[in-house]
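Okay, structure first, notes after.
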Amino acid sequence: MKYTKEEMDIISEKIVEMLREKEEMRIGKIAKVLIHSGLVKSSYEVDKVLKYRKDLFISPKMGIWRLVESE
């Protein structure tokens, strides 16, 4: 599914909220929360958003994501 820049920003904001609370999360957990909230349809789409916003998110270990500012 294609997302507009605004939709990707909304999804990014939700991910930022989750990562501020938990510090780091597996992509599967992030996807599960976003799928249940109706923002995305698959973990592949979450992965695209995380990679789209490289200024916000980093993956220090395979499959685990955190905010850039919390390094």
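A few points about this structure:
- Filter result (in a helix (DSSP H, G or I) and either closer than 12 Å to G28 by Cα or free of Cβ contacts under 8 Å to residues at least 40 places away in the same chain (or both)) within segment 49-65: L50, K51
- Yes/no for D9 being open to solvent by less than 40 Å² (accessible area, probe 1.4 Å) and not in a strand (DSSP E or B): yes
The values are calculated or read from the model by the stated rules, or taken from the named source; none is laboratory data. Here the structure is a predicted model, which means the values were calculated and not measured. All Cβ positions, even for glycine, are placed from backbone atoms using ideal geometry, and neighbour counts span all protein chains on display. To get the accessible areas, we keep the full protein, side chains included, count just its heavy atoms, and leave off ligands, DNA and RNA. Shrake-Rupley method; radii C 1.70, N 1.55, O 1.52, S 1.80 Å.
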